[in-house]
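**Student:** I'd like to ask you about the structure that follows.
The values are calculated or read from the model by the stated rules, or taken from the named source; none is laboratory data. Small disclaimer: the values here were computed from a predicted structure and weren't measured. Neighbour counts are summed over all protein chains in view; Cβ atoms, including those assigned to glycine, are modelled from backbone coordinates with ideal geometry.
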Amino acid sequence: MILIKLGGSIITDKTQYRTFRKDTVARLCREIGDSEVGTMIVHGAGSFGHVLAKKYSLQNGFTYYDQVAAAARVQYDVRELDSMIINELLNEGIPAVSVPPGSCFVMDDGKIVANDTEAIEALASVGIMPVIFGDVIMDRKKGFGICSGDQLMEVMCDLFKPTAVVFVSDIDGLYDKDPKTHPDAKLITEVTAENLKKIDSESSVDDVTGGVYSKMEAMLRMSTADRECILVNGSVPGRLCSLLKGEKVTCTTARGGLK
Ligand code: IPE
């Protein structure tokens, strides 16, 4: 089974509140179906989550009363996003079911407590795809907090031991600098514990590279000696399908674990 995260930047327009990229999601679901590979999907919140979460500082936990309505609204919005994605999966004949993370997990100071996985495992055991997503969920210490799709990828990875992990985004992979502001930015095709060390020493004051560093770290954490973790551009038609079928495509591949 290949574990896939559909990132918020590919499934929504992150700059506009609640903008669903229906055609792109329909195409990606078709590519997943056409690949005929067993998959499991996690997705981000994009502009259905980040816009209000930022406005009301939900990532800081419960600190003032107006956040309560915002937290409820974000939960509603990301469920709507999830329903639209599930609909596209069902249209492709993929039996998918929504699993809002706040209905089975809590967090403890920002860390997911994944004690109760029985319902998720039961769905998978009969061939139903549990689809979990970035959301606002309750936190033992902070009241509530942001549970990201990336954190959930790590939980699903531990639980289902996929053969590969794929992050679908709107960029070709990780770059050594921000490609939008640095035309000479180079694509990092391979991420290992060794080249992570290099990025670290060159980048202590650079925010953008710091961002790359933490992404590389998360990708390496999910990779092992025999499980690659890949970042691929889902806005190029056919690329995800080719990757899932084992063909060589432009991407960033993490391998070998964090060590
Ligand atoms: C964020 O989830 C959840 C909320 C803001 C509620 P993610 O961090 O996984 O979402 P994307 O992929 O960045 O949009």
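**Student:** Please give the number of the condition GLU121 fails out of (1) within 16 Å of the ligand (Cβ to nearest atom); (2) surrounded by fewer than 18 Cβ atoms within 10 Å (Cβ to Cβ).
**Tutor:** Here GLU121 meets the rest and fails (1).
**Student:** Would you be able to tell me the number of residues in region 35-57 that are within 12 Å of the ligand (Cβ to nearest atom), outside any helix (DSSP H, G or I) and surrounded by fewer than 24 Cβ atoms within 10 Å (Cβ to Cβ)?
**Tutor:** Of the residues in region 35-57, 2 are within 12 Å of the ligand (Cβ to nearest atom), outside any helix (DSSP H, G or I) and surrounded by fewer than 24 Cβ atoms within 10 Å (Cβ to Cβ).
**Student:** If you go through region 217-259 one residue at a time, how many are over 22 Å from ILE11 (Cα atoms) and not in a loop (DSSP other than H, G, I, E, B)?
**Tutor:** Counting residues in region 217-259 that are over 22 Å from ILE11 (Cα atoms) and not in a loop (DSSP other than H, G, I, E, B) gives 8.
**Student:** Exactly one condition in (1) surrounded by 15 or more Cβ atoms within 10 Å (Cβ to Cβ); (2) out of contact with any helix residue (DSSP H, G or I) (no Cβ under 6 Å at 6 or more places or on another chain); (3) among the basic types (Lys, Arg) is false for ARG18; which is it?
**Tutor:** Here ARG18 clears every test but (2).
**Student:** Residue under question is TYR17, and the condition is that it be more than 16 Å from the ligand (Cβ to nearest atom), part of a loop (DSSP other than H, G, I, E, B) and free of Cβ contacts under 8 Å to residues at least 60 places away in the same chain; does it hold? Let's see the steps before the verdict.
**Tutor:** Numbers: more than 16 Å from the ligand (Cβ to nearest atom): no; part of a loop (DSSP other than H, G, I, E, B): yes; free of Cβ contacts under 8 Å to residues at least 60 places away in the same chain: yes.
No: the conditions fail for TYR17.
**Student:** Just need a number here: residues in region 20-34 that are closer than 20 Å to ILE171 by Cβ and in a helix (DSSP H, G or I).
**Tutor:** Adding up the residues that qualify gives 7.
**Student:** Can you confirm whether ASP23 is more than 18 Å from the chain's Cα centre (by Cα) and in contact (Cβ under 8 Å) with a residue 40 or more places away in the chain?
**Tutor:** For ASP23, the condition - more than 18 Å from the chain's Cα centre (by Cα) and in contact (Cβ under 8 Å) with a residue 40 or more places away in the chain - is not met.
**Student:** Determine which single condition PRO179 fails, assuming it passes every other condition in (1) more than 16 Å from the ligand (Cβ to nearest atom); (2) more than 22 Å from SER9 (Cβ to Cβ).
**Tutor:** Checking PRO179 against (1) more than 16 Å from the ligand (Cβ to nearest atom); (2) more than 22 Å from SER9 (Cβ to Cβ), the one that fails is (2).
**Student:** Take the residues of region 58-88 that are of a type in the set (Ser, Thr, Tyr) and part of a helix (DSSP H, G or I): which is nearest to the ligand (Cβ to nearest atom)? Quick ask: steps written out before the conclusion?
**Tutor:** Filtering region 58-88 for residues of a type in the set (Ser, Thr, Tyr) gives 63-65, 76, 83.
Cutting the leftovers down to part of a helix (DSSP H, G or I) gives us 76, 83.
Numbers: TYR76: 11, SER83: 16 Å.
Top of the filtered list is TYR76.
**Student:** Out of everything in region 128-167 that is among the acidic types (Asp, Glu) and within 9 Å of the ligand (Cβ to nearest atom), what residue ends up being nearest to LYS197 (Cα to Cα)?
**Tutor:** As a first pass, look at region 128-167 and keep what is among the acidic types (Asp, Glu): 135, 139, 150, 154, 158.
In the following step, the residues that additionally are within 9 Å of the ligand (Cβ to nearest atom) were identified as 135, 150.
Working: ASP135: 32, ASP150: 22 Å.
Step by step, filter region 128-167, then rank; the result is ASP150.
**Student:** Any chance region 228-235 includes a residue that's free of Cβ contacts under 8 Å to residues at least 40 places away in the same chain, under 13 Å from LEU196 (Cβ atoms) and crowded, with 19+ Cβ neighbours inside 10 Å? Outline the logic, then answer.
**Tutor:** To start, the set of residues in region 228-235 that are free of Cβ contacts under 8 Å to residues at least 40 places away in the same chain comprises none.
Within region 228-235, not a single residue is free of Cβ contacts under 8 Å to residues at least 40 places away in the same chain, under 13 Å from LEU196 (Cβ atoms) and crowded, with 19+ Cβ neighbours inside 10 Å.
**Student:** While we're on this one: Evaluate the following for ASP170: is it surrounded by 12 or more Cβ atoms within 10 Å (Cβ to Cβ), within 20 Å of SER235 (Cα to Cα) and within 16 Å of the ligand (Cβ to nearest atom)?
**Tutor:** On the way: surrounded by 12 or more Cβ atoms within 10 Å (Cβ to Cβ): yes; within 20 Å of SER235 (Cα to Cα): yes; within 16 Å of the ligand (Cβ to nearest atom): yes.
Yes; evaluated as a whole, the condition is true for this residue.
**Student:** Right, another one. Can you tell me which residue is farthest from the ligand (Cβ to nearest atom) among those in region 98-111 that are closer than 30 Å to ALA26 by Cβ and surrounded by 15 or more Cβ atoms within 10 Å (Cβ to Cβ)? Spell out how you get there, then give the answer.
**Tutor:** Of region 98-111, the ones closer than 30 Å to ALA26 by Cβ are 98-105.
Filter again for surrounded by 15 or more Cβ atoms within 10 Å (Cβ to Cβ), leaving 99-102, 104-105.
Details: VAL99: 15, PRO100: 11, PRO101: 9, GLY102: 10, CYS104: 16, PHE105: 13 Å.
Here the answer is CYS104.
**Student:** A follow-up question, please. Of all residues in region 135-156, which are within 12 Å of the chain's Cα centre (by Cα) and touching a residue at least 60 places away in the same chain (Cβ under 8 Å)? It would help to see each step written out before you state the result.
**Tutor:** Start the filter on region 135-156 by keeping residues that are within 12 Å of the chain's Cα centre (by Cα), which leaves 135, 147-156.
Hits for region 135-156 are ASP135, SER148, GLY149, ASP150, LEU152, MET153, GLU154, MET156.
**Student:** Does VAL212 satisfy the condition of being at pLDDT below 90, β-branched (Val, Ile, Thr) and either over 19 Å from the mean Cα position of the chain (by Cα) or within 16 Å of the ligand (Cβ to nearest atom) (or both)? Can you show your working first?
**Tutor:** Working: at pLDDT below 90: yes; β-branched (Val, Ile, Thr): yes; either over 19 Å from the mean Cα position of the chain (by Cα) or within 16 Å of the ligand (Cβ to nearest atom) (or both): yes.
The answer is yes for VAL212.
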